[in-house]
Amino acid sequence: MNVLKSTKKSNFLSYLKKKRQMYILLIPGILHYLIFRYIPMGGIIVAFKDYDIYKGILKSPWIGMENFTAFISSPDFWMLIKNTVLLGTYTLLFTFPAPIIFAILLNELRFKRYKKLVQTVSIFPAMISMVVICSMAVDMLSPNKGIINAVIKFFGGNPIYFMAEPKWFRTIYVITEAWAVFGFNAIIYLSALTNVDTSLYDAASIDGCGRVKKIIHVTIPGILPMICTMFILNIGNIFKIGPDKVILLYNPITYPVADIFGSFVYRKGLVESDYSYAAAAGLFESVVAFVFVITANKLSKHFAENSLW
Amino acid sequence: MKKKIDTFDVVNIILLFFVLMIVIFPIIYVVLCSLSKTGSVSFSLSNYNLDSYINILSSSKVPRAFKNSVIYTLTGTFLGLFLVTITAYPLADKQLKGRNFLLRMIAFTMFFNGGLIPIFLLINSLGFMDSIWAIIVPWAVPAYELMLLRNYFESIPSEMHEAAEMDGASEYHILFKIYIPMALPMLCTLALFFARGQWNSYLVPLMYLSSAKRFPLQVILQEMLIQDTAKSTGDALVGASIATESLKNATIVISMIPLVLMYPLFQKYFISGIYVGAVKG
C-alpha cells in the first residue's frame, strides 16, 4: 500500500518535472484570474456589510440582507428592472435584424467593387469609440446648432430638445447602437452566406423563382441556424447591457427612463460613495444576468442540435 | 449567369447607397464642424478655418492626452498579447493535467463577475489608483481573447509539437519559434482588438484616474461631451471665442487619425478574426 502510494507520488512528481515549463507559463495568467476575477467575487461580501473605507471590507460590520431589502423595497428597484429590460429588448429588436438584412443585400450585390466599398465603409463605425459616437449624436441633435433641428426649423417646426426629453432617450440609444454595430455584426452572416449551397439557387431558378423568392426560400433558410443561435445568445445578453453609453447619454432629466443597473451601480458607488448599497444592486444584476445567459446557452445547445439535422 | 441589371439590382444599389451615406454622413459632419467657426455646418466657405486645430495643438491638454492614449494603448496591447499567449499555450495542451479545471475557472468569469464595486475596492486597496496600473493590469487577460487563441493553438497539428520535443526543444522554444509564428494572423487580430479597446476605453480611465495630466483622449472627449450635453439641455448657453463644438470635433478628428491609418489592417484582421470566432461558436 505504501509502495503504491510512493510510486504514485513519484509519478506525479516526475510528471510535474516533465511539464514544469508548461505550469511556469501558466503562473502569471492564473494569478491574474485569481486576483482580478476571483478575489472580487469574494469581495461581494461587501454587499452584506456596512462598508467603512477606514476599516476595509473584512473589518466592516456585517449587516446581513439590509442593503438588499433596502434596495428591493426602494422605488429605484422596479424602475431599474423596467429600464434595463426595455432598453435591452429594444436594442435587441432593432440591432439584431439590421446586420442580417444588410448582409443579405450585400450578398446579392453583383458589382464586386461597390460591394467591397460598402463593406469596407460599414465596418468603420465599429472602430469608433462610444464617446465619439455619442458626441456625434448630441451634436446632430443639438437644439440650436444641430442639423436635425435645422431641418425641423426649416419646415417650420419647433426645435426639439432631444437630449432633455425622456421619450427620446431609448430611440437615440438604439439608433446609435445600430449605427455602430451593424456592419461589424454582418461579417458573421456574410461568412454564413458563403456556405449556402449554390446548387439550391440553380434549382430555384429552374423552378422559376425570382430574386426575392430565392432570398426567401433559399438564402434565409440557409442561414437560419446561425440567425437562431445568435438570437438566443443575444437574448442572454439583454440584462448584461453595459453602463458606458447610458452614462454618456443620460442626464438627471432623463434618469427615469435611462437609468439601468449598470449606471445606477456606477453612480451610487463611485459618485455617491455608497459602496455597500451599490454592491448589493450590482450583485443582484450579476445574478439575474447569469441566469439569463446560462438559460440562453442551454436553449442554444438544445436548439442547435435540433437545427443541424 | 451573365450580368443583366434588373429592378432588384437597381433597388439594391440604391438601398446600399443609403446605408453608405448613413455611415459616412456623421463622419463628414464631424470634420465640417471641427473646421467651422460657429460650431455648426453651413454652406458658405467663409465659415470654415483651421482655428480650432491651431488652438488645440498649441494648448498642452490634447497633445498630452494623445501621448497618454498612445502609451496606454501600446502598453496594454503588448502586455495583453504576451500574457494571453503564454497562458493560452499550455491550456492548448490536451494532455496537461488540471487543464479542464483551469479552462472552466476561466470560462466561468465570462458569465459571472463580482461587479463594479468589489473590483473597484480591490484596485483601490492595491494602490493602483491614478496610475497606468489600474487601467491596464486588471484587464490584461480577457477570457474571450484567451479562448480564441487557445482554439487556434489547438488547431495546430500536434505532430509539430512532438517533432520539436524529439529534437530536444524546450516548451519556451516551441512556443516562440513554432507556435507564435504559426499563429501570427490570429495574434494580429487580437492585437487589433486590444488596441481598439484600449484606445477607445473611457469608463475605466474615468473611474481610476484622477489627475488631469494622466487622462487619455477619450476622457478629455467625455468631459467636452458632458459640457455640450449640459448646453443642449438648455442649462447653460455660454459664448466663447471659438465654439466649443468646433474644439470638441477637432479633438474627435485627431482621436480618429490613428484609427484611419490602421484601418486597412483592421479590415483584414477583423474579418478573419470573426470567421475564426464563428467556426468556434
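The values are calculated or read from the model by the stated rules, or taken from the named source; none is laboratory data. Fair warning: this is a prediction, and the values are worked out from it, not measured in the lab. Ideal geometry is used to build each Cβ from the backbone, glycine not excepted, and the neighbour counts take in all protein chains shown. Surface areas here come from the heavy atoms of the whole protein model, side chains and all, with no ligands, DNA or RNA. Shrake-Rupley method; radii C 1.70, N 1.55, O 1.52, S 1.80 Å.
Here are some notes:
- Of the residues making up the range A:253-277, those that are within 11 Å of another protein chain (Cβ to nearest Cβ), open to solvent by less than 20 Å² (accessible area, probe 1.4 Å) and under 21 Å from the mean Cα position of the chain (by Cα) are A:Phe261, A:Gly262, A:Ser263, A:Phe264, A:Val265.
- Residue, farthest from B:Asn47 (Cα to Cα), within the range A:131-157, restricted to residues that are at the interface with chain B (Cβ under 7 Å from one of its Cβ atoms) and open to solvent by 30 Å² or more (accessible area, probe 1.4 Å): A:Met140
- Where a residue in the range A:173-184 is at the interface with chain B (Cβ under 8 Å from one of its Cβ atoms) and its partner, wherever it lies, is of a type in the set (Gly, Ala, Ser) and surrounded by 21 or more Cβ atoms within 10 Å (Cβ to Cβ), with Cβ under 6 Å and at least six apart: A:Gly183/A:Ser122
- Put simply, of A:Leu109, A:Leu86 the only residue that is over 30 Å from B:Gly39 (Cα atoms), more than 7 Å from chain B (Cβ to nearest Cβ) and not basic (Lys, Arg) is A:Leu86.
- Residue in the range B:116-141 that is farthest from A:Phe292 (Cα to Cα), counting only those that are in contact with a Leu (Cβ under 6 Å, 6 or more places away or on another chain) and facing chain A (nearest Cβ under 7 Å): B:Ala140
- Helices (runs of 4 or more DSSP H) wholly inside the range B:48-111 that include at least 3 residues being acidic (Asp, Glu): none
- The condition of being farther than 30 Å from B:Gln95 by Cα, among the aliphatic types (A, V, I, L, M) and surrounded by 21 or more Cβ atoms within 10 Å (Cβ to Cβ) holds for only one of B:Leu149, B:Leu221, B:Leu175, that being B:Leu221.
- Residue in the range A:44-60 that is open to solvent by 80 Å² or more (accessible area, probe 1.4 Å), aromatic (Phe, Trp, Tyr) and free of Cβ contacts under 8 Å to residues at least 12 places away in the same chain present: yes
- Scanning the range B:227-244 for any residue that is more than 10 Å from chain A (Cβ to nearest Cβ), modelled with pLDDT under 90 and buried (at least 19 other Cβ atoms within 10 Å of the Cβ) turns up nothing.
- Condition met for B:Gly76 (within 30 Å of A:Leu31 (Cβ to Cβ) and surrounded by 18 or more Cβ atoms within 10 Å (Cβ to Cβ)): yes
- Count of the range A:183-203 residues, restricted to those that are among the β-branched types (Val, Ile, Thr) and in a loop (DSSP other than H, G, I, E, B), is 2.
- Restricted to the range B:193-208, and to residues there that are in contact (Cβ under 8 Å) with a residue 60 or more places away in the chain and facing chain A (nearest Cβ under 9 Å), the residue that is surrounded by the fewest Cβ atoms within 10 Å (Cβ to Cβ) is B:Met207.
- Scanning the range A:232-252 finds no residues that are open to solvent by 40 Å² or more (accessible area, probe 1.4 Å), outside any loop (DSSP other than H, G, I, E, B) and free of Cβ contacts under 8 Å to residues at least 40 places away in the same chain.
- Members of the range B:46-73 that are among the aliphatic types (A, V, I, L, M) and crowded, with 16+ Cβ neighbours inside 10 Å: B:Ile56, B:Val62, B:Ala65
- Candidates in the range A:185-209 are the residues that are within 11 Å of chain B (Cβ to nearest Cβ) and open to solvent by 40 Å² or more (accessible area, probe 1.4 Å); of these, the one that is modelled with the highest pLDDT is A:Asn185.
- Residue within the range B:58-77 that is within 30 Å of B:Leu175 (Cβ to Cβ) and of a type in the set (Phe, Trp, Tyr) present: yes
- Residue within the range A:79-99 that is polar (S, T, N, Q) and surrounded by fewer than 17 Cβ atoms within 10 Å (Cβ to Cβ) present: yes
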